[in-house]
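To start, the structure itself, in structure tokens.
Nothing in this text is a laboratory measurement; each read-out follows from the coordinates by a stated rule. Quick caveat: nothing in here was measured; it's all calculated off a predicted structure. We place every Cβ from the backbone using ideal geometry, glycine too, and count neighbours over all the protein chains shown.
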Amino acid sequence: MKCMLCGKRTGSSSMPLISMFSDDPLCYDCRKLWKPYRGSRDIEGIPVDILYDYRSGYSSALIQYKECGDEALKDIFLYPYISRIRWKYRGCTLLLMPSASEKVRQRGFDHLAEMFACLNMPMMSPFEKRREIDQKGGTRSSRSVMSDNIMLKEGAELPRKILLVDDVITTGSTLRGALHCIDKQRHRIRILCAGGV
Ligand SMILES: [Zn+2]
């Protein structure tokens, strides 16, 4: 197998024994550049589970995937964590943070849905960006109620056990906006981000 990032045979790294028994789409040398996130973050009291430090090898791969449209990289991000995530969040439905629809159209694929598809967990995209709603001509009263950047799509029905997911957390404003759309009494909410700053 060839490494998805450097093209080297995955069995030919500096740690051949590890590589030989792994199905990791990245070679050991590329994978070791992705550093685990060491900090701790929460959003309004809900801890955010963050896998990688964004400033490590993770960010250049994410840019290649997301901004350069390299769709083939979709499975490299969560690979080492698939079992752990499926176990820790069993019973949850993944709720994807919204992307600007113009970006999705340009890219030609939904980068977040494809990144999380390897988990084989139920997922939905119930949110939309507020700016796009404004462009569609939201009424003045609905605009004034929306203090956040995103809102729930009309008619979206949320499951009880929710896992909010995103590719990277920076200020946390998107996740905070999503959180404000959800009734915390009726839903159990947890948060997972692949990368964090
Ligand atoms: Zn490599």
With label points built 7 Å along Cα→Cβ from the Cα atoms of residue 67 and residue 102, find their separation and express it in nm. 1.7
Step through the residues of the range 163-168 one at a time and calculate ³J(HN,Hα) from phi using the Karplus curve (6.51 cos²θ - 1.76 cosθ + 1.60, θ = phi - 60°), rounding each to whole Hz and writing x for Gly and Pro. 10, 6, 10, 8, 7, 7
So if each residue of separation counts as 0.36 nm, and I subtract the Cα-Cα distance between residue 124 and residue 84, what length gain in nm does that give? 12.3 nm
Which of the aspartates and glutamates could be linked to residue 74 by a straight reach, that is with a Cα gap under 13 Å, when you skip same-chain ones fewer than 8 residues away? 24, 110, 114, 167
In degrees from 0 to 90, rounded to the nearest 10, what is the angle of the helix 57-66 Cα long axis to the longest principal axis of the chain? 60
Semi-axes a, b, c in Å (a largest) for the chain, each sqrt of 5 times a Cα gyration tensor eigenvalue, come to 33, 18, 14
